[in-house]
1. For a protection proxy built on the mean count of beta-carbon atoms within 10 angstrom, sort 558-565, 148-155 highest first, please.
2. Leaving out same-chain residues fewer than 8 places away, which aspartates and glutamates sit with a Cα under 16 Å from that of LYS197?
3. Under a cut-off of 18 Å between alpha-carbon atoms, report the aspartates and glutamates in cross-link reach of LYS414, not counting same-chain residues fewer than 8 places apart.
4. With a point put 7 Å past each Cα toward its Cβ, work out how far SER628 is from GLN305 in nm, to one decimal.
5. Summing Lys, Arg as +1 and Asp, Glu as -1, what charge do residues with Cβ under 13 Å from the Cβ of CYS407 carry, CYS407 excluded?
6. Please list 353-364, 56-67 highest first by mean number of surrounding beta-carbon atoms within 10 Å per residue.
7. Using the crude model of +1 on Lys and Arg Cβ and -1 on Asp and Glu Cβ, and no other charge, please compute the dipole size for the range 224-266 relative to its Cα centre, in debye to 20.
8. Could you work out how far the C-alpha centroid of the range 75-127 sits from that of the range 529-573, in angstrom?
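FYI, it's all coordinate maths here, none of it is from the lab. These numbers come from a predicted model, not from an experiment. Because the Cβ atoms are built from the backbone with ideal geometry, glycine has one as well, and the counts that use them run over all protein chains shown.
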Amino acid sequence: MASSRIKHNKQLLLYIFLCRVLMISWGLDQGSFTITGPPRGWNSYDAFSWIITEDEFLANAQIMADKLKSSGYEYVVVDFLWYRRVAPEASFTSPGFDLIDEWGRPVPDPARWPSTAGGKGFAPIATKVHAMGLKFGIHVMRGISTAAVSNNTPILGANGGPEGGPWTAQDIALTSRPCSWMPECFVSVNTSSKGGKAFINSLYQQYASWGVDFVKHDCVFGEDDLSLDEITTVSEAIVNTGRPMVYSLSPGVLATPSMGKLVDNLVDMYRATGDDWDTWNDLESHFDVARDFAAAGLIGVPRLQGSQSWPNLDMLPLGRLTNPGSKQGPHRSTRLTPDEQKTQITLWAMARSPLMYGGDLRDIDQATLSLITNTVILDINSKSFGNAEIVQGSSIEAVPVLSLISCEQATDTKWVIRNAESAGANDYLCWSVPEVINRAGELAHCLDWTVSSKPSISLNKKRRATEVGEHFSQTGFLHLWSASGGSMCLDSLHDPQRVAPNFDKITTKLFSSCSNQGSQIWKLTSEGQLESTSNSGVCVAIDAQVNTARIWAARGIEGQYYVAFFNLGLEASNMSTSLDKLIRSQNLAHGRGLSASTAAPSCTGKDVWSNQTMVGIPNGILSAIVPSHGCKLYSLTCVSN
Ligand SMILES: *[C@@H]1O[C@H](CO)[C@@H](O)[C@H](O)[C@H]1NC(C)=O
Ligand SMILES: *[C@@H]1O[C@H](CO)[C@@H](O)[C@H](O)[C@H]1NC(C)=O
Ligand SMILES: *[C@@H]1O[C@H](CO)[C@@H](O)[C@H](O)[C@H]1NC(C)=O
């Protein structure tokens, strides 16, 4: 039953997809097809954590209506725990403060949301938001609250429960499946049972009756929390209400493209990352994720409902903010530099992420407002296609390096011995950080000491590290042995600080014939460092050599080529790309634009952030000095020569 339905859905999807391709290409010729892009709006979490009040919320909504609605920002969303009393002992993980109705459904805390008192729920707030010409959204958690479970409230619309009477909260609660990051407050419900389905339906009927237009559903997606049963049930419950609602998923931790593929027809948007705050590390970590979701074809996948689904990179933590989980409102400014802020909005545009502003709009300044209302940024975000990080020659290949450095500097590499998978095999020598992608594109964690014709050591997922296990288990010390080209061992007599050549090209430089010399014997310390036993302070490290030069490209529906240079490095860098190659790769992948021709294209365009017109691009090489953590964005129009 389930599988035949899935097949049917796939056919329908393919049909819708083909229609869209036709419509988009028609639109390119006629210039009259408008695509509804990813949702835009404001969310209360980054500035107010969970403690926002009605006044603060409506003040932000009014400013959005005044300053941002004309740029397509339309959803105002109350983030989590609107039903929790802000008592002195209450925190974002504390049970016992949540307000529910007689059917076990959360209701807004009237101390913070006075208009909602008397059983009116969020209806009066939604009415005010709608009167501003905006749409109203709420955050909800997984399953059922433990407040309902401990009160064993009845389920609305579900008679004939297991005990003969109505179904109750305890009949449907799966206490063995709590939300991993708020386990005391929310648990899953059994969506296979009549009572469980009825409960979910009763929640969404209520949200629809309040006038909710957007639901951000948390703790059901991503590693640790994925609950496909509940996501499916909620997706159906929303359709059953007859009210259009954006269905958005938020994970506790990381999600993967394969998880995206499980939900892309069930939801409108889903978080591809953990929470994004205003640090460079958070922002930098979005580059690989955005690249991978784009490469998996997940941007704007058509849904059966006729809408599309969007991988979401999270809110924009700009302007005035608070801290995660804090009970204090906005009290500090974003820590992102102006260059980093530009980088963030540019990546969010190129990856077509939903744009949800996170700062307190009451304090938005002109610079921030210009960033999030830049018309080219918004065009790319709502109607570009072919969006991808592009491979630039050899620069994309991040080749890890094995090095000998001082132990004080080597703390970024943590080594571990992994047990062999089968008896008789040797254990592996692996590291737990940093994460390294090998040339085959796999996550590599372990050293591979396999015999090969060339003197080499390579990185592998879990190949045997010959000798390590045996020797280590007897003595607690290890040789780092390369079996190739005779027995060679890593020798700490080489200069520390001198970085070895690439793994692929490791020659005998760091290696000497194996012996029992102390300089070849390494000790795994309790801190996970591999320290030389004879040269104290010399350690073995892995330098992941992250590729810091990232280039994204996309097409506009009027034939433009968009190109973004991002410099993730610590120094300004001269970045460049050949327009010829760029255009060919885009046309090859997306079949439109300039016809294949042997002549180099000639392009004119605009440097978007400096607002400068570019007349001609010398030698067909687009290049720029890009500041550290900064970006360049171009909108180009090209013709064949
Ligand atoms: C969920 O409900 C179904 C139908 O009532 C039942 O067969 C199943 O055992 C329940 N699952 C759990 C985990 O309780
Ligand atoms: C940057 O690199 C490009 C391409 O290699 C080169 O043409 C250009 O002169 C360089 N720019 C600067 C300022 O060095
Ligand atoms: C960009 O430059 C054009 C003229 O080339 C000007 O009309 C426009 O107002 C400028 N935009 C901004 C945001 O400065």
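1. 558-565, 148-155
2. Output for LYS197: ASP171, ASP229, GLU230, GLU236.
3. LYS414 reaches ASP427, GLU435, ASP448, GLU527, GLU531, ASP543.
4. 4.5
5. Summing Lys/Arg as +1 and Asp/Glu as -1 gives -2.
6. Ranking the peptides 353-364, 56-67 by packing returns 353-364, 56-67.
7. The dipole magnitude comes to about 200 debye.
8. So the two Cα centres are separated by 44 Å.
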